[in-house]
Structures are given as C-alpha cells and as structure tokens.
Amino acid sequence: MALFDWMAEATGPVLRGQGVLLRPPRPSDHAEWAELRGGSRDYLQPWEPAWAEDDLTRSAFRRRLGVYAREMELGTAWPLFVFDPEEERLMGAITLSNIRRGVAETGTLGYWIGQPYAGQGAGTAAALAMLGFAFGALKLHRVEAACVPTNQASRRVLEKAGFRHEGLAKAYLKINGAWADHLLFGVIEDEFVPDPAVFSSYTRDSL
C-alpha cells in the first residue's frame, strides 16, 4: 500500500464499539484534532510526553500521518481516532503499538480522550473495541498498557476493559519532561470475552 494512497483514503480498520467509532486519521481531520488537543492541553499534558512547539501545526500533523502510514503498512502499530458516530465528533485517539510477533504476539495500548468527553465511557469503549481487533483480526496473544500511578481516570479505563494490574515500573517513561514511574497492566486472549455485536464491524483493507 503506497503512502500517498493511505493518506488520501485512510484505508485500514474501522471499529465500532459502544457509542464510539474508530478509524484511521485523515488529513482533513487536522483542524478538529488541533482544536480538541489544544483545548485539552492542561488536562492531557500531565500524563503525556512533552509536546513539541509545533505539535498542533498542519505540517506536524502531516508528518504524524506519514509515521502512522509506515507503521500500519508494516503492521507494527494501528493508530485510530475515536469518534462519536452519531454526532461525528472527534473525541480522542487510541493506538495499538509496538506489536511484536514470533514468540511474543504482543502489543501495547495507549489512548487519550479530550477533556470535553472525559468520564463518559468513551475511553473504555475504545479500549474494548481495540482489544477485540487485537485478539480477533490481528490474532495477538497479549496486550499491555501502562499509566502514571496518579492517573486514576486511565487506570479505571484499563480495569473496566479487563486489564490486570501486574506491577510497578520505576522511571518507565519520560512524561511531561521527567522520568515517571508507571503501573503496568496486561490482558491475554484467553481472559478477553468479546461481544460479537460490538467487535464484528471492521474492514481489513490494510491487514
């Protein structure tokens, strides 16, 4: 799949969950994405890597899409935007990344939800939809995730989605400019019970 074709058509999985629709980002999403991220900066920044000075610009967004395209083409990551399917509003994003095959068959889940939609179940619904994709179409064995101990909202998302708390990693990731401890979570295929009505709607153009 050519990079230009991906950027033009945004082919890839389309996942439907309880009140959410997940699809690959498109160039035309930039304005809405930048508005949501910018308006949620104070809410998101304590839990994320430091933002680049040009992070919200159109040129930086194009570079981001280029990275996404290569990752999806290689099958190493699946970055999707989270939408309200009725209002067609962008609510956040979720990524299954760092996919390792062979003896691991594992990926890492990360996500963010804009402040206007926080606490409404969108993060949990998106996580469940992505897990259905990971264990279904991608046939992974395990999905991992991590969050800063004080990020109670993120921890609740993981626990509601079926992740188990597995331990603490010291200075695990550099968050907002400083190395931060993280709680480690995991879920394996045998522990996950998909809902066919929620997880059966996806396209496999890029698989």
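The values are calculated or read from the model by the stated rules, or taken from the named source; none is laboratory data. No experiment lies behind these values; they were computed from the predicted model shown. For neighbour counting, all protein chains shown are included, and Cβ atoms are generated from backbone atoms with ideal geometry for every residue, glycine included.
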Which ones in segment 21-61 are hydroxyl-bearing (Ser, Thr, Tyr) and surrounded by fewer than 12 Cβ atoms within 10 Å (Cβ to Cβ)? 28, 59
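Output yes when any residue across segment 187-199 is in contact with a strand residue (DSSP E or B) (Cβ under 8 Å, 6 or more places away or on another chain), modelled with pLDDT of 95 or more, of a type outside the set (Lys, Arg) and not in a helix (DSSP H, G or I), and no when none is.
yes
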Considering residues that are part of a strand (DSSP E or B), under 12 Å from residue 90 (Cα atoms) and touching a residue at least 40 places away in the same chain (Cβ under 8 Å), the number found within segment 109-126 is 1
So, of the residues in segment 7-20 that are touching a Lys or Arg at 6+ places or on another chain (Cβ under 9 Å) and buried (at least 19 other Cβ atoms within 10 Å of the Cβ), which turns out to be modelled with the lowest pLDDT? 10
Subset of segment 97-106, residues in a strand (DSSP E or B) and surrounded by 15 or more Cβ atoms within 10 Å (Cβ to Cβ), comes to 98, 99, 106
Residue 139 is checked against (1) more than 19 Å from residue 162 (Cβ to Cβ); (2) surrounded by fewer than 16 Cβ atoms within 10 Å (Cβ to Cβ) and fails just one. What number does that condition carry? (1)
Checking residue 56 against (1) modelled with pLDDT of 95 or more; (2) within 24 Å of residue 161 (Cβ to Cβ); (3) not small (Gly, Ala, Ser), which single condition isn't satisfied? (2)
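Could you list, in sequence order, all residues of segment 134-170 that are part of a strand (DSSP E or B) and acidic (Asp, Glu)?
So the first thing to find is which residues in segment 134-170 are part of a strand (DSSP E or B), and the list is 142-147, 164-170.
Listed by number, the residues that qualify are 144, 166.
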